[in-house]
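Student: Pasting a structure here, questions to come.
Just so it is clear, none of the values below were taken in a lab; they were calculated from the coordinates. This is a predicted model, so every value here is computed, not measured. Neighbour counts run over all protein chains shown; Cβ positions are idealised from the backbone, glycine included.
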Amino acid sequence: MQAHLHQHIPQAAIQQLESLLDHDHVSVQVKRERKTRHGDYRRLPNGWHQITINANLNPYRFLITLVHEVAHLEAYLKFGRAIKPHGKEWKRTFQRLMLPFLNPQVFPQDLLPLLARHFKNPKASSDTDVQLAWALKQFDAPNDKTFVFEVPLGQTFKLYNGRIFKKGEKRVKRYECVEVASGKLYLFNPNAEVELVN
């Protein structure tokens, strides 16, 4: 495993992760923060496989994201390109690859029940699991970001791109928010990270 990954993951996960990354023609790169994703997997035209992970993730989110992307690689190698990106083949692969990490040597005890529940049916992003995303956020470095579900009703907030919204009522899973400049209504995932506007 590339040594530059050691500083980003829990130390107890290194040996297991090394065996996961024991593939030919795989490159793992740590990138600056991207607002729309934590990581990604791509098969390159030259036959190599590239995994990228955001550098700003805490060790637990980094590990989950890295295993998520390795699951894309392994599902591709086993089932080919005709499968859905987050379909049943990927889900089963992700579950199998994560299982050895779900122990108190790797993750804090209070995260384990949330992870066990999440991995019964993993989603395309752990951010869509409100409880797990909130629990993982507790291990982030301090920042000025707030989850949408924490924003008071009627409060304005700003996205990374500068657009300003006013928070409205919750529908079944998402919050109705009105863009201040256009008056258009948008639905926000409760775990979207935003910045409050005073």
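Student: Can you tell me the mean projection area, over all orientations, of the convex hull of the range 1-48's alpha carbons? Units nm², please.
Tutor: Numbers: hull surface 16.6 nm².
That works out to 4.2 nm².
Student: Another question, if that's okay. In the range 15-49, which residues have a backbone nitrogen under 20 Å from the label point lying 7 Å from Leu99's Cα in the Cα-to-Cβ direction?
Tutor: What the label zone holds, given the 20 Å backbone N cut-off, is 15-22.
Student: Multiply the residue separation of Phe139 and Gln7 by 0.36 nm, subtract the distance between their alpha-carbon atoms, and state the gained length in nm to one decimal.
Tutor: Working: separation 132, 0.36 × 132 = 47.52 nm, distance 1.51 nm.
Going from the current span to full extension adds 46.0 nm.
Student: Have a look at the range 1-83 and give its Rg and Dmax from the Cα atoms, expressed in angstrom.
Tutor: For the range 1-83, the Cα radius of gyration and maximum Cα-Cα distance read 12.4, 36 Å.
Student: Points 7 angstrom from Cα along the Cβ direction at Thr156 and Lys84: gap in nanometres?
Tutor: Label at Thr156, label at Lys84, 4.0 nm between them.
Student: Give me the aspartates and glutamates in straight-line cross-link reach of Lys123: C-alpha distance below 15 Å, same-chain residues under 8 apart excluded.
Tutor: Asp40, Glu69, Glu89
Student: So, with +1 on the Cβ of K and R and -1 on the Cβ of D and E, and no other charges, what is the size of the charge dipole of the chain about its Cα centre, to the nearest 20 debye? If you can, show how the numbers build up before the last one.
Tutor: Working: 29 positive and 19 negative charges, 162 e Å.
About 780 debye.
Student: Looking at the calculated P(r) for the range 115-194, what percent of the C-alpha pair distances fall above 15 Å?
Tutor: 58
Student: Kindly write out, for the range 105-122 in residue order, the coupling ³J(HN,Hα) from the Karplus curve 6.51 cos²θ - 1.76 cosθ + 1.60 (θ = phi - 60°), rounded to whole Hz, with x marking Gly and Pro.
Tutor: 6, 9, 10, x, 3, 6, 7, 4, x, 5, 5, 4, 5, 4, 7, 5, 8, x
Student: Name the residue, out of Lys167, Lys184, Lys35, whose mean-square fluctuation peaks in a Gaussian network model built on the chain with Cα pairs under 10 Å.
Tutor: Lys184
Student: Where is the GNM fluctuation largest for the chain (alpha-carbon springs, 10 angstrom cutoff): Ala133, Ala12, Ala141?
Tutor: In the Gaussian network model the winner is Ala141.
Student: For the range 67-182, what does the alpha-carbon gyration tensor say about shape, rounded, prolate or oblate, given a ≥ b ≥ c as the root eigenvalues, a/c under 1.5 as rounded, and a/b over b/c as prolate? Write out the running numbers ahead of the final one.
Tutor: Working: a/c = 2.56, a/b = 1.66, b/c = 1.54.
The shape class here is prolate.
Student: Another question about this same structure. Greater than 24 Å separation of Cα atoms is the criterion. Which listed pairs, Lys137/Lys167; Lys35/Lys145; Lys35/Lys184; Lys88/Lys184; Lys31/Lys167, meet it?
Tutor: Over 24 Å apart, Cα to Cα: Lys88/Lys184; Lys31/Lys167.
Student: May I pose another question? Stretch His23-Gln131 to full length: gain in nm at 0.36 nm per residue minus the Cα-Cα span? Provide the component values of the computation, followed by the final result.
Tutor: Details: separation 108, 0.36 × 108 = 38.88 nm, distance 3.35 nm.
Using 0.36 nm per residue and subtracting the Cα-Cα distance, I get 35.5 nm.
Student: Shifting gears a bit: Could you estimate the translational diffusion coefficient of the chain from the Stokes-Einstein equation, with Rh from the Kirkwood formula over C-alpha pairs, at 20 °C and 1.002 mPa s, in whole µm²/s?
Tutor: Values: Rh = 18.2 Å.
The estimated diffusion coefficient comes to 118 µm²/s.
Student: Please identify, among Arg61, Arg163, Arg43, the residue showing maximal mean-square fluctuation in a Gaussian network model of the chain using a 10 angstrom Cα cutoff.
Tutor: For the chain, modelled as a Gaussian network with Cα springs under 10 Å, the answer is Arg163.
Student: Based solely on its DSSP helices, what 222 nm [θ] is calculated for the chain when runs of n ≥ 4 H residues each add -39,500 (n - 2.57) and the sum is averaged over all residues, nearest 500 deg cm²/dmol? Please list the in-between numbers first.
Tutor: Numbers: 5 runs with 54 residues, N = 198.
About -8000 deg cm²/dmol.
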